[in-house]
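Take a look at the structure set out below.
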Amino acid sequence: GGACDLDRNVIVLAEELLPSDTVRMDLSHVVGLATHLGGATAHTAIIARTLGIPAVVGLEGWEEISSGTEAILDGGAGTLTVSPGEAEREAFRRSDAARREEEQSLAAFRAMPTATADGKCFELFANIGSPGEVKAALEQGAEGVGLFRSEFLFMDRADLPGEEEQFEAYRQAVERMEGRPVIIRTLDVGGDKKLPALPLPREENPFLGCRAVRMTLKRPDVFLPQLRSLLRAAVYGDLSVMFPMISGLEELRVAKAMLEQAREQLEAEGVPTGRVKVGIMVEIPAAALMAERLAREADFFSIGTNDLIQYTLAAERGNENVAGLYTAYHPAVLRLIAATARAAEAAGIPCGMCGEAAGDPLLTAALLGMGVGELSMSPRLIPRVRRLIGGLTLEQCRARARELLSQSDEGAVRTFLMSQENV
Ligand code: PEP
Ligand code: MG
């Protein structure tokens, strides 16, 4: 990386940032991230969003910018202006002031339930990576945690967190949420997330390889301690277990059997366990297409658009060469989302969404209209989405879903989304 340590606000410039880099960095002075590699849903961008700082990816020539150079980073436009002139500074000051004002007016939407103008309630949850992030989630008005990415407990360390350490982290998260629902996802590594303590075989196509639940099902020595700690933590609050990357019923059944095994072990040892709901991420097209059957054996769904997009469109997330193809606005992605929500509704189970699309205001109305009842996002996005929902009726949402799903190409989807009022 090319971080400089001036004693003031800094923008971190690098070829690439890995999740472990951002965990290790002292972020207290970091006001922005700019990298060459990575896409909108690479984990770096997700972390930047969590911290509420702008990130620009696809940056060329970053190595030529020397440490200490003044620059303006515009996350919205995706630009880095090096050594800005007075006109550019002035424009920046103005847009920054407008941004602060907008933030002020949104503050009222933090401590408020989420409902449409005609009174239909929805849930806005937070995505977090550690119990330490609960505070910020509650401050922004999260009504639950829709995705606790447990892998962050495993990253940037030489060993694996044991059962006790994990138990403490999960217990803290549910306790700090004070009875609100907390969905904890089991270990999701492989793909672009690597663990020093758990070397995995080299793979030609890691995103199509032995990642997430595929890996943990093969490693009971890793999976069982996590499942045990989750069952133990469930005593202290409303905890749900969520399995990532489920591609079919067999995997779900084996994962559930291992959870049962963990429970039996604990019961035999006389260790108290709590009830948990067991859900799956729908992030592989196969799962979306089989949602009707999966819904009979899962307590809830959460749609992971970050991966669902990459697998549906065969466009790797984080690969800037195909960033133009990678979008939730492709009709195929939208149809899979709608099919998943419909199957959940038919089976009477809740359907949430925890991919980045869940926080996209352009999609809010249509997602709710499709039957996605819970949207889980970076906490900072919550007030804006809540305000937006308050200005909609359920019938409007349904009409937007219908119209969105009738579009035949991405351009038409975009045009339709941009034409919506009050977003
Ligand atoms: C997703 O795939 O949409 C998701 C929420 O999980 P992650 O980004 O951690 O893969
Ligand atoms: Mg995923």
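The values are calculated or read from the model by the stated rules, or taken from the named source; none is laboratory data. The shown structure was predicted, so the numbers you read here are calculated from the model rather than taken from an experiment. Note that each Cβ is placed from the backbone with ideal geometry, even for glycine, and that neighbours are counted across all protein chains shown. Ligands, DNA and RNA are stripped out before the accessible areas are found, and what is left, the full protein with its side chains, is counted by its heavy atoms. Shrake-Rupley method; radii C 1.70, N 1.55, O 1.52, S 1.80 Å.
Key figures
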item	result
Some residue of region 27-46 being of a type in the set (A, V, I, L, M, F, W, C), modelled with pLDDT under 85 and part of a strand (DSSP E or B)	yes
Selection count where residues are open to solvent by 70 Å² or more (accessible area, probe 1.4 Å) and either among the hydrophobic types (A, V, I, L, M, F, W, C) or modelled with pLDDT of 90 or more (or both), scope region 65-76	1
Qualifying residue in region 161-169 (condition: within 20 Å of Arg380 (Cα to Cα), in contact with a Pro (Cβ under 6 Å, 6 or more places away or on another chain) and surrounded by fewer than 20 Cβ atoms within 10 Å (Cβ to Cβ))	no
Checklist (1) within 16 Å of ligand 2 (Cβ to nearest atom); (2) in contact with a Gly (Cβ under 9 Å, 6 or more places away or on another chain) applied to Arg110, failing item	(1)
Identity of the residue in region 306-327, within 20 Å of Leu18 (Cα to Cα) and either assigned to a strand (DSSP E or B) or away from ligand 2 (no atom under 16 Å from the Cβ) (or both), that ends up least open to solvent (accessible area, probe 1.4 Å)	Val322
Selected residue (only one of Ala233, Ala268, Ala255 is small (Gly, Ala, Ser), out of contact with any Asp or Glu (no Cβ under 7 Å at 6 or more places or on another chain), away from ligand 2 (no atom under 16 Å from the Cβ) and in contact (Cβ under 8 Å) with a residue 40 or more places away in the chain)	Ala233
Only one of Ala158, Ala91, Ala97 that is out of contact with any helix residue (DSSP H, G or I) (no Cβ under 8 Å at 6 or more places or on another chain), among the small types (Gly, Ala, Ser) and open to solvent by 60 Å² or more (accessible area, probe 1.4 Å)	Ala158
Residue match in region 335-345 (condition: buried (at least 24 other Cβ atoms within 10 Å of the Cβ), within 19 Å of Ala45 (Cβ to Cβ) and of a type in the set (A, V, I, L, M))	no
Residues (part of a loop (DSSP other than H, G, I, E, B) and within 16 Å of ligand 1 (Cβ to nearest atom)) located in region 328-349	Ala328, Tyr329, His330
Some residue of region 185-206 being closer than 26 Å to Leu375 by Cβ, of a type outside the set (Val, Ile, Thr) and surrounded by fewer than 16 Cβ atoms within 10 Å (Cβ to Cβ)	no
Residue list for region 101-122, filter: buried (at least 19 other Cβ atoms within 10 Å of the Cβ), touching a strand residue (DSSP E or B) at 6+ places or on another chain (Cβ under 7 Å) and not hydrophobic (A, V, I, L, M, F, W, C)	Thr114
Neighbours by Cβ (under 9 Å, 6+ apart or cross-chain): first from region 179-190, at positive phi; second hydrophobic (A, V, I, L, M, F, W, C) and within 10 Å of ligand 1 (Cβ to nearest atom)	Gly190/Phe207; Gly190/Ala212; Gly190/Met245
Qualifying residues in region 370-409 (those that are within 23 Å of the chain's Cα centre (by Cα) and among the charged types (D, E, K, R)) - the one nearest to Thr340 (Cα to Cα)	Glu374
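A quick yes/no check of all residues on (1) surrounded by 13 or more Cβ atoms within 10 Å (Cβ to Cβ); (2) hydrophobic (A, V, I, L, M, F, W, C):
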site: Gln265; (1), (2): yes, no
site: Pro272; (1), (2): no, no
site: Gly279; (1), (2): yes, no
site: Val282; (1), (2): yes, yes
site: Ser302; (1), (2): yes, no
